[in-house]
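A short reminder: the numbers here are calculations on the coordinates, not readings from a lab. Here the structure is a predicted model, which is why all the values come from computation and not from measurement. Positions of Cβ are generated from backbone atoms using ideal geometry, with glycine treated the same way; all protein chains shown enter the neighbour counts.
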Amino acid sequence: MNQPLYLHFLDRELVEAAGAELQPSTLERSLAALTLGTDAGLYCGISVIWEHTLLSDASRRILAMLVAGGAIRPISYSATVEEFFESRIQLYRHDAARYPLYFHNGIDAVRSILPTDYKAERTTDYLQERLGGWSLSKASQGSEAERIARTNALQALTRRDSEAITFAFFAPFMRKSGVQSFEAESILSRQISAQYAGHYLKFSDGDIPTGVDGLGYFDQVLATNFPMYDVPLLKNILSASGFTALLRTPMLQRLDDWQLLLELRGSGVHARMVSLVRLLVWIACRSVEGSAGASNTFAIRHKVWEFARRYLHSPNEGRGNDAVLARLDSAEQALLATIGRLSRVPALTSDVELGRQLLLDYGADVLIVTATRVEARAVIDTLTADHGSVARPHFIGDKTYFDLGTISGARVYLTQTEMGSGGPSGSILTIVDAISALGPASVVMVGIAFGIDEHSQQIGDVLISRQVASYDLQRVGTQSGRRKIVLRGDRTTASPRLLDRCRAAALDWNHCPVHFGLVMSGDKLVDNLRFRDELVRLAGGEAVGGEMEGAGLYASAHRRKVDWILIKGICDWADGNKDMMIAERQLNAAMNAARFTSHLLGKGGFA
């Protein structure tokens with residue numbers, strides 16, 4: 001859905017064909033809205049920049065900044081500037097007055113903005129073919145003006161030598177025909193510009209930004225995803241999201257802010273913010289679709305904005321040296337609140353959920369799952385200290401997922417489950433929902449557990465599941481008059497890939513001992529020495545500890561074919577003394593498990 005955007009409004013010929021005049025302020029504010037409000041690749045032919053004699057010095061400086069910052073990608077057929085100029089001298093020999101750059105030693109003047117990408121097909125060849133087809137088709141149909149335009153275009157193209165295909169080439173043929181028709185000239189001029197733009201749209205399967213003053217005809221002819229990239233809508237939403245001052249102030253007066261934005265554009269908080277803008281526009285479009293009066297771009301734009309304005313949450317303005325970053329963060333939070341507000345409107349709930357699935361990039365490499373507050377805080381605090389992570393909440397369905405950013409190339413999220421595997425909020429359903437929402441390659445359960453051997457283990461030691469055994473499913477029988485229990489639950493081996501990563505990370509881990517082995521799991525909160533020892537015996541004496549959510553972890557991950565592992569710190573011995581120093585022990589255990597997880601992620605191998 002996030003297509004590259006062809007900047008058609010930079011094309012002098014196209015603007016003139018529409019009977020418009022592009023003011024420097026319109027150009028600048030359009031570029032500002034598209035740079036800030038999208039992360040789409042912006043592109044144009046290098047020739048439209050070099051040949052645009054009406055561009056102000058300020059506009060050229062802004063374009064040079066956006067090209068240097070990677071926001072705009074100028075395209076060229078020629079490999080070098082010298083080759084480009086040589087070809088243009090040949091193409092425009094008949095129209096030198098309109099293109100003085102190529103005939104008055106202008107080559108040095110263009111070097112501040114150079115092409116970044118190259119295309120294989122010459123624009124002139126494309127125009128010759130497409131305009132030839134247009135001039136031949138339906139020549140006897142349509143209005144009289146259209147017939148005149150097609151007939152004269154065909155005559156000109158059959159006699160063409162090496163001239164550039166612009167309206168100036170066709171004008172003499174129109175005059176010689178003896179038929180004076182301003183309408184025919186306008187039709188031909190618009191057709192040339194539409195085909196020229198179509199060539200560049202085909203080059204990158206792009207779209208155009210809509211709503212630029214005076215260019216409504218080309219909105220109708222060229223745009224494929226109106227109003228997803230509509231400049232007036234973007235400006236309104238961005239202004240309502242805290243960017244009024246940035247958009248209204250001339251860009252050259254806030255160079256530092258724009259240069260920082262160019263560094264951030266398309267990643268991190270900027271990418272998240274613009275994805276939420278897209279989602280808001282998409283939901284609004286779904287809401288007004290088919291409504292009375294929504295039959296043209298003006299009406300649709302108005303209705304979409306009225307819908308968005310009704311629900312938009314006002315952000316706090318950023319301040320200080322990091323104003324741009326602070327405003328982006330504030331805008332993201334405000335837009336998240338807006339989407340949350342929309343999701344609570346019964347008539348919109350299904351559209352919000354569908355839009356989230358289609359438009360938001362929640363793709364996770366690693367999903368961390370915790371059960372208690374102390375576990376979640378330990379993970380967030382540790383990853384913040386070690387990797388600069390900031391926990392950013394995303395609301396999908398009934399769950400909250402915290403985006404912890406990228407660590408060694410892997411996108412990491414955290415979610416919370418209730419204690420235990422069963423129930424509507426237990427680990428089974430929580431992890432199934434999370435895998436559907438985020439699509440992680442790895443699920444890591446992090447938190448606290450009980451140990452089983454005070455002689456070989458200590459409070460705070462880290463347990464890593466080589467296997468997990470569910471002890472809740474049992475056969476209770478009688479043998480020789482005595483009760484006999486046989487475990488019937490699964491004993492499943494953790495992901496070989498994640499076991500390998502954990503063993504490699506443990507080699508240079510010196511904070512506390514790490515024990516790999518069988519972890520018992522069940523919904524019972526075990527705090528009885530006899531029961532604990534019976535579980536250990538039933539597991540064959542191989543267990544290194546036990547906890548409550550691991551059985552749900554492996555059941556969910558196995559069902560969805562996702563790698564999984566459990567990393568937990570020992571907080572007690574399940575011996576009837578669980579309440580002894582409970583807060584201190586749980587914090588110590590949770591922090592150690594979180595530290596090992598942070599160390600593990602920092603090693604890489606999860607992207």
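Report the normalised scattering of the range 354-452 as log10 I(q)/I(0) at q = 0.15 Å⁻¹, calculated by the Debye formula with identical scatterers on the alpha carbons.
-0.58
Compute the angle between helix 182-204 and the longest alpha-carbon principal axis of the chain, please, reported from 0 to 90 degrees and rounded to the nearest 10.
With rounding to tens, the tilt is 30 degrees.
Enumerate the calculated ³J(HN,Hα) couplings along the range 163-175 in order (Karplus 6.51 cos²θ - 1.76 cosθ + 1.60, θ = phi - 60°), each rounded to whole Hz, writing x wherever the residue is Gly or Pro.
5, 5, 8, 10, 4, 4, 5, 7, 4, x, 5, 5, 5
Quick one: which residues, 5+ away or cross-chain, put their amide H under 5 Å from the amide H of Asp563? H built at 1.01 Å from N.
Val443
Would you work out the charge dipole size for the range 198-263 about its Cα centre, treating the Cβ of every Lys and Arg as +1 and the Cβ of every Asp and Glu as -1, and quote it to the nearest 20 debye?
Value, rounded to 20: 120 debye.
Once you order the gyration tensor axes a ≥ b ≥ c over the Cα atoms, which shape class does the range 321-394 get: rounded for a/c under 1.5, otherwise prolate or oblate by comparing a/b with b/c? Mind showing how you got there, number by number?
Details: a/c = 2.15, a/b = 1.37, b/c = 1.57.
The shape class here is oblate.
Positive end of the dipole of the chain, charges at C-beta (+1 Lys, Arg; -1 Asp, Glu), about the Cα centre: which of Leu63, Ala391, Ser143 has its Cα farthest in that direction?
Ser143
When the Karplus curve 6.51 cos²θ - 1.76 cosθ + 1.60 is applied with θ = phi - 60°, which whole-Hz ³J(HN,Hα) does each residue of the range 68-76 get, with x for Gly and Pro?
4, x, x, 6, 10, 10, x, 10, 9
How would the range 1-81 be classified by its alpha-carbon gyration tensor: rounded, prolate or oblate, with rounded meaning a/c under 1.5 and the a/b versus b/c comparison settling the rest?
rounded
Quick check: the angle from helix 427-438's long axis to the longest principal axis of the chain, C-alpha only, nearest 10 degrees?
Helix 427-438 sits at roughly 20 degrees to that axis.
What dipole magnitude, in Debye to the nearest 20, does the range 120-266 give about its Cα centre under +1 on Lys/Arg Cβ and -1 on Asp/Glu Cβ?
In total the dipole reaches around 400 debye.
Given the peptides 88-97, 516-525, arrange them by the average over their residues of other C-beta atoms within 10 Å, most packed first.
Output ranking for 88-97, 516-525: 516-525, 88-97.
Each residue of the range 88-101 in order: what ³J(HN,Hα) in whole Hz does its phi give by Karplus 6.51 cos²θ - 1.76 cosθ + 1.60, θ = phi - 60°, with x for Gly and Pro?
Once rounded to whole Hz, the list reads 6, 4, 5, 5, 10, 4, 7, 9, 4, 5, 7, 10, x, 3.
For the chain, what is the number of Lys pairs with C-alpha distance below 28 angstrom, counting only pairs 8 or more positions apart or on separate chains?
Final tally of qualifying lysine pairs is 16.
Label the chain by shape, choosing from rounded, prolate and oblate, from the square roots a ≥ b ≥ c of the eigenvalues of the Cα gyration tensor; if a/c is under 1.5 it is rounded, and otherwise prolate applies when a/b is larger than b/c, oblate when it is not. Can you show the working numbers first?
Numbers: a/c = 2.91, a/b = 2.68, b/c = 1.08.
Because a/c hits 1.5 or more and a/b exceeds b/c, the chain counts as prolate.
Using amide H atoms built 1.01 Å from N in the peptide plane, name the residues 5+ places from Ser78, or on other chains, whose amide H lies under 5 Å from its own.
Residues meeting the amide H criterion: none.
Dipole size in debye (nearest 20) for the chain around its Cα centre, Lys and Arg Cβ +1, Asp and Glu Cβ -1?
Values: 64 positive and 67 negative charges, 213 e Å.
Once rounded to the nearest 20, the dipole reads 1020 debye.
Just going by the charge dipole of the chain, with Lys and Arg at +1 and Asp and Glu at -1 on Cβ, which of Ala164, Gly550, Asn296 is farthest out on the positive end?
Gly550
So for the range 74-223, taking the charge dipole from beta-carbon charges (+1 Lys/Arg, -1 Asp/Glu), which of Gly198, Phe173, Tyr126 sits furthest toward the positive end?
Result: Phe173.
How many angstrom lie between the Cα centre of the range 239-277 and the Cα centre of the range 322-338?
10 Å
For the peptides 450-456, 436-442, what is the packing order when you average, over each peptide's residues, the other Cβ atoms within 10 Å and list the highest mean first?
In descending order of packing, they fall as 436-442, 450-456.
Sequence-distant or interchain residues sharing an amide H contact under 5 Å with Ile396, placed H: which?
Residues meeting the criterion, in which the H sits 1.01 Å from N, are Tyr401.
What percent antiparallel are the DSSP beta bridges of the chain, to the nearest 5?
If I count the DSSP bridges inside the chain, around 35 percent turn out antiparallel.
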